Structure formats: C-alpha cells, structure tokens
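The values are calculated or read from the model by the stated rules, or taken from the named source; none is laboratory data. Quantities reported herein were computed from a predicted structural model and do not represent experimental measurements. As a convention, Cβ positions derive from the backbone with ideal geometry for all residues, glycine included, and neighbour counts pool all protein chains shown.
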Amino acid sequence: MKRRWIAATALAAAVTLLTACSGQSDEASGEKVTLTYANWSEDQTPAMQQIADEFQKANPDITIKVQTLPWTEYWTTLQVGAAGGTAPDAFWMLADHFREYAKGGQLVDMSDTVKSNNIDLAKYPKAVSDSYTYDGKLFALPKDFDTNGIWYNKALFDAAGVKYPDDTWTWQDAQDAAKKLTDPAKGVFGIAAPIDAQGGFYNTMLQAGGSIINADGTASDFGSPAGVEGLKFWTDLQAAKASPTLEQLSDTEAVSMFENQKVAMYFSGAYWALKFHNNAALKGKIDVAPLPQGVKRATVTSGIGNAGYAGSKHPEQLKKFLAFLGGSKAAEIQAATGTVLPAYEGTQQPWLDSMPEYKLQVFIDAIAYSVPLPVAGNASEWQGLATQYLGPAWSGKKPVQEAATEYQAAVDQVLAKK
Amino acid sequence: MTSSATKLPRRPSGRRGGVSAPNGWWALAFIAPATIGLLLLYVWPFLRTVIDSFQDVPAFGPATWVGTDNYTALLHDPDFWKAFGNSALYTAIVLLGVPVAIALAALIEQVGRGRALYRVLFFLPVVTLPVAIGMVWRFIYNGDFGLLNTVLSWFGVDGQFWVADPRFTIYAFGVVGIWMGLGINLIILGAGLQAIPKALYEASALDGAGRVRQFFRITVPLLSPSIFFVTVLTVIGALQMFDLNFIMLRGVNNTALADSKTIVYLFYEKAFVQFHQGYGAAIAVVLLLVIMIATALQFRLQRSWVFYD
C-alpha cells in the first residue's frame, strides 16, 4: 500500500511539473510575460537596459531581460537556440548572418508590424533596411549603422610634421602621409593595413570604381582591374613598410595598435567612437576624417538590426517590443549615451553632441556615398577565405593580381552554391 | 538498454520466488533517470550525428539525403588533410609530455615535505579554464610584446611570431598542451608510483643497483599500466583539441589560422560558421573512427610493453 502511495505522489508531482511548464506559454492577454533580448556588446548593454526599462514603463505587463553573450559564442548560441526552440525572443542581427536565418524561417516577419504601427521605413538608411529584406519581406528594423572614416592620431601627425587628413585627401595623400609618419626607431607606423574587408579593401575597391559582388549575387569582382587597384592600395602600404606586418597585426589587433599609439591612421567605422572616447590615454590626441577618394568617394555601410525569433512563445508582445526598438525613443537613448550612431533619421544629433571632440559628422555625411556591405550567398563562408587567399599578396609572396584572381574563383565557387 | 531491463526481473526470481516482477519494475524506475539522460544526451546526439553525416543539413530547415557525398568531399578536401596532419603533429608533441610527467612524478616522489604543494602547483592548469589559459599564452607568445620573446632577447635570440606564423603555431600549441596535461598525468602516475612496493627498491639497492638503474628496471616496468592509461588519455584528448586553436588564433584576420586548424576546429568552422552541418557531422564521425583506431592500436601494442603483475 505504501508503495502505491509513493507512486501516486511521484506521478502527481510529475504532472504538476508538466502543467507548470505548459502554463508558462499561456497567451492570455494582460498576463505578465518575460521576453529576452540578446546582444554581444558589454559596452552597449547599459543603453540596451535603459531602452528595456523605458519600454517596461509603458508596458508593465512585459518584462524585458537583457542578455549579453560574448561575441565568440553569440552566433553559435543563437544558431543552436533557434534550431532547438530556445533562442532569445529578440536579438541583434548582422547582415552577413541574416540570410541564413531568414531563409530558414527563424525570424518574425515585420511587414505587418511596420504597417500597423505606421513605421516610416524612409527614416532608416536604405542600405541598412535593404540588407534585412529577404524575399520582399522586412525581418529586422535597423538599430544603428556605421560608415567608415580615417581615425587618426593628431599627436603623431604633429610629431612628423604632416598635415591632418581632410576631405580633400586623395589616395596619394594617404599613401604619402603613411610613409612620412612611419618612424621605425620609435616603433611607429603610418597606418594599419590588415586584411580588413569592412574598414579596408571593400572601400578601396569601390573607390577604384569597382564593385565587390555583382548585383544579382552571382560573381565577385576581386580580380577585375578596379578590384586589384583597390587591393593594391593596401599591399603597397605593406610593401612600403608603412604598416605593421600581418603577423604583428595578428598578434595585436589594428585597433589595439591604434589605441596604443603605434599607428597614426586606422581606417575603420563609427562604432569605435565610444571606446576611444572612454580611453583616457587618447584624450585630445585623436580625431576622425573622411576616407580619401580614389576615382570616386565610397564607403561600405552596414548596421545591426533588431530581429525577433519566429519560435517565440509571445509573438504579440514581441512585435510590440521590436516596434519600440525600431522607434525614435530607442534611437534617442542610444544617441544620448553615445553608444552608437542610431539608424533612425533625426536622432543623430545627441550622438554628435555626446563626443564633441570628434568630427563625427564625417560618418553621417558618408551616408550620401555609401554602398551596402555585400552579403550575397553564404557570406560567412566566403568572407572567411579572405586571409587565406589574400595573405600572400599582403606579405608580398604573390603578385596581387594572382592572389585576387584565386580569391575571386574561390568566392564565386561559394556563390554558385545556391 | 531494453535487453538488460527485461533480464533484470528474472535474476532474483531464480533464487527467491514471488517478489520478482514488482521489484524489477522498481529497479527500472530507479535507473530510468540515468538511462533516459544517457539516451537523450549521448546516444541520441551520437545517432543524429551519424545520420546527419549522410545528409546536407542547412542551418535551419529540412535536411536532404546525400548518401556518402559528405565523405567523398571530405577525402578530396585539402583543408581536411591539413587539419588531420595538424592534429596528428599536435598529438605527437603532446605525447612527449608523458616521459616528462614520468620523470617529474618520480622526482616529486623523492620530495619529502611539500610534496602536496608541488602537486597543487602542477595541477593548477588542469582546473583553470582553457579559455583563460589560451588568453594568457596568447600574450606570452605575442611577437611584439610577448614575455617569451622578451626572455629570448636577453640571450640574444631573435623572437618569432609564435602564433601568427604558421611555421610555429602547432608547436606553440603543443607546449601549452603538455603544460595543461601535466597535472592530471602527475596525479595518475603518482598514484601508480605509490603502489610500487618499497621492498623492491631496498632489495635492488642491496644488490648494488643505482638510482638510474632502479628507475628503468623497477619504476618504469611497474608503472607501465599507469603509463599506458595516461598515454591513451593523452592521445584521445590531443586529437580532440579545439580550445587553444580557437582562443589563440582568434579573429579571421590571423595569418596563421588557415594553415593551423585542428580537426575539431575545422568541424566547428564547417558546422557553425559556414552552416554546413552535414559536412561537419562527417568530420566528427571520421574523428571518432580515428580515435577508435588509435586507441585499439594502443591496446594491441600494450601487450608487448605493459607489465601487469
């Protein structure tokens, strides 16, 4: 008899547990629900929390849990979570990962939400919102965006007696300055020339009049005359020893070299502004200028998008939150805290004002000549091949044209796989 | 699992009739959590991996059966063979740590007081996060500002870019691998040493055997079961190395990465970065086979050198 009693209790406990689990997914209106919102940036977490708090004030029934994952684990965790049904409800998305998620039906279609909330898509940089459109549907509202400029160290320019970069600079000016600024005795280099796509050779390929990937995403442009020209901008700097070697830049990233004042110029994005601003050692020493022009002006642009998980248990509340994340209030919080350059038009002034020591307007002016970051096909796969194929060109072991043609062949092969 | 489960009730019934069936079910109920856990967490993922290796599995969405395509592609993939070679070289280097561990274990055994302190010191890397170890060694190996090159410069030796120059990376990993494995090997070998009867040493000393002779004629043969065990563990662990590769060559811009991937790193990259999960599964299955063969081979070979009394 006693045994049966235990069994019954155990059964009852198990049943309670089951109902407790299913009770959570109950979708009755007015019930309190919790949504998770994942990001990969410790630096931006305070602003994300502030946005969440603001949303909760207006929606007391919805609790937002901000979750920060390290960059190295972010995509693996998200992928496994999405496949296994445990992904965060809302999360940051990047253009080069976006296609796989949209194609796999993992993201909340925002088209209806945009309509019902009267969200004006013209408020976002077209290049960014386009990069989150798949099959004609919008799957993420742009959170921020970035364009590229020349971060430069005024102290090193002064020491070498070189004029600061400005909007009149051509490629030749940049090359000349990089050589003049290089001082082997002090261990100072004029520029950092890593194999960097987004801040580096994509921009110069475009500036040389080339493209990166063609419009229908079937072929790349690395081996074309303009493509090679764009790559040569960087290999020339390496050949002139105006940059740390690739080995040096592997051990110590370009941005760290710049922060340690070992390189005078670093071509990169707006997203470093807050980090540099918070670095006391750089106070009053650095500024930013537009990228130099080749045949024309150009920069790639991209931005983070706020996406929702299609498998979320609370789709209605989630859409409400995503609409808020895409709105002006969330943008203003990001701007006022200096966190990033918000994507929402008209909210960028507070960002400029938050770090008045830098000519940050450069990044906003660059929107006029910006081109979306190419993300055709399996972007993570072909982008990952860059160092392997272009490395020999950077180190001077292979002619640039040869390395570029081989890289193009490898990229085109990846693009050919649907 | 089911076969052992159905057998369970029978066994007691042979000796004491009557209570068999209900007791059997209770036993089943008690082992159920462990069994279910094992099935769900080990057997099912294992089977899924084997199945996936015969499929084209995109990041999300339905998989398509491709037969042995993944394996054929694998055999013709130069990246796979390079990774295979890298893992083999790394394993060979880390195996050099076994004789080091034997010698150190014997030396620590000689220490009178403070033996525990040495053990703790050598064991620390074992309980340290591999990520932290990778980060620290990344600094040590830094070509411009690293500790290693600074020390080398005192002796007039030119430093190298240990983890950015593909000529050195695997060796650089190997040194860290030896250091990381030393602690656990010392514990196992130390336990083996203490099981050797002291009388043997006393008797051989009376017969005029010196320390060195004792080490090779008594210590090593009697320690051989422990040495064998440590060797098997080391090979399995080394073939599965991923963390050092992942942490120390972090960033797609590392110039050495393309030439320094281990098998498990390649698996990670294919399955989780490039979204080719079927191909990744095939790599995992091949690695499993390689480890099985390597281990079976060692069990075959041990007959000729491991001494069981």
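From the list B:Trp81, B:Trp44, which one is of a type in the set (A, V, I, L, M, F, W, C), loosely packed, with under 15 Cβ neighbours inside 10 Å, assigned to a helix (DSSP H, G or I) and modelled with pLDDT of 95 or more? First the steps, then the outcome.
Values: B:Trp44 fails: modelled with pLDDT of 95 or more.
None of the other options fit; the residue is B:Trp81.
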Which residues, taken from the stretch B:241-277, are facing chain A (nearest Cβ under 7 Å), in a helix (DSSP H, G or I) and either touching a Leu at 6+ places or on another chain (Cβ under 6 Å) or basic (Lys, Arg) (or both)?
B:Leu257
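Restricting attention to helices (runs of 4 or more DSSP H) lying wholly within the stretch A:265-368, give those where 1 or more residues are in the same structural domain as A:Asp43 (by TED's automatic domain parsing).
Values: elements: A:273-278, A:315-325, A:328-336, A:349-354, A:361-365.
In the stretch A:265-368, A:315-325, A:328-336, A:349-354 are the helices (runs of 4 or more DSSP H) which contain 1 or more residues that are in the same structural domain as A:Asp43 (by TED's automatic domain parsing).
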In the list A:Phe157, A:Phe139, A:Phe91, which residue meets the criterion of being of a type in the set (Phe, Trp, Tyr) and assigned by TED's automatic domain parsing to the domain that holds A:Ala242?
A:Phe157
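So, A:Ala281, is that one more than 24 Å from A:Ala226 (Cβ to Cβ), free of Cβ contacts under 8 Å to residues at least 40 places away in the same chain and in contact with a helix residue (DSSP H, G or I) (Cβ under 9 Å, 6 or more places away or on another chain) or not? Walk me through how you get there before you give the answer.
Numbers: more than 24 Å from A:Ala226 (Cβ to Cβ): yes; free of Cβ contacts under 8 Å to residues at least 40 places away in the same chain: yes; in contact with a helix residue (DSSP H, G or I) (Cβ under 9 Å, 6 or more places away or on another chain): yes.
Against the criterion (more than 24 Å from A:Ala226 (Cβ to Cβ), free of Cβ contacts under 8 Å to residues at least 40 places away in the same chain and in contact with a helix residue (DSSP H, G or I) (Cβ under 9 Å, 6 or more places away or on another chain)), A:Ala281 qualifies.
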Which of the numbered conditions does B:Thr262 fail, given that it passes all the others? Conditions: (1) polar (S, T, N, Q); (2) over 30 Å from B:Leu107 (Cβ atoms); (3) modelled with pLDDT under 95.
(3)
Taking the criterion of being touching a strand residue (DSSP E or B) at 6+ places or on another chain (Cβ under 7 Å), assigned to a helix (DSSP H, G or I), modelled with pLDDT of 95 or more and more than 18 Å from A:Ala298 (Cβ to Cβ), would at least one residue in the stretch A:171-178 satisfy it?
yes
Quick one: in the stretch A:196-208, which of the residues that are among the aliphatic types (A, V, I, L, M) and at pLDDT 95 or above is surrounded by the fewest Cβ atoms within 10 Å (Cβ to Cβ)?
A:Ala208
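Anything in the stretch A:263-276 that is farther than 24 Å from A:Thr245 by Cα and buried (at least 16 other Cβ atoms within 10 Å of the Cβ)? List them, or say none. Break it down stepwise before answering.
Kept after step one, since they are farther than 24 Å from A:Thr245 by Cα, are these residues of the stretch A:263-276: A:270-271, A:273-275.
Those that are farther than 24 Å from A:Thr245 by Cα and buried (at least 16 other Cβ atoms within 10 Å of the Cβ): A:Ala270, A:Tyr271, A:Ala273, A:Leu274.
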All helices (runs of 4 or more DSSP H) inside the stretch B:101-183 with 1 or more residues being closer than 29 Å to B:Phe84 by Cβ, touching a residue at least 60 places away in the same chain (Cβ under 8 Å) and more than 13 Å from every other protein chain (Cβ to nearest Cβ)
B:130-141
Does any residue of the stretch A:382-395 turn out to be more than 30 Å from A:Lys103 (Cβ to Cβ) and assigned to a loop (DSSP other than H, G, I, E, B)?
yes
Go through the stretch A:209-235 residue by residue and tally those that are buried (at least 17 other Cβ atoms within 10 Å of the Cβ) and part of a helix (DSSP H, G or I).
10
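Based on this model, can you work out whether A:Tyr389 counts as aromatic (Phe, Trp, Tyr) and surrounded by fewer than 20 Cβ atoms within 10 Å (Cβ to Cβ)? Steps first, please.
Values: aromatic (Phe, Trp, Tyr): yes; surrounded by fewer than 20 Cβ atoms within 10 Å (Cβ to Cβ): no.
The answer is no for A:Tyr389.
Do you know which residues across the stretch B:55-75 are free of Cβ contacts under 8 Å to residues at least 12 places away in the same chain and away from chain A (no Cβ under 14 Å)? Give the derivation first.
First, the residues of the stretch B:55-75 that are free of Cβ contacts under 8 Å to residues at least 12 places away in the same chain: B:60-62, B:64-65, B:72, B:75.
Result: B:Trp65, B:Thr72, B:Leu75.
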Single residue of A:Ala102, A:Ala82 found to be within 14 Å of another protein chain (Cβ to nearest Cβ) and over 28 Å from A:Gly269 (Cα atoms)
A:Ala82
Within the stretch A:179-195, the residues that are among the hydrophobic types (A, V, I, L, M, F, W, C), away from every other protein chain (no Cβ under 14 Å) and surrounded by fewer than 23 Cβ atoms within 10 Å (Cβ to Cβ) are A:Ala185
Considering only the stretch A:383-395, how many residues are more than 9 Å from chain B (Cβ to nearest Cβ) and either under 14 Å from the mean Cα position of the chain (by Cα) or in contact (Cβ under 8 Å) with a residue 24 or more places away in the chain (or both)?
2
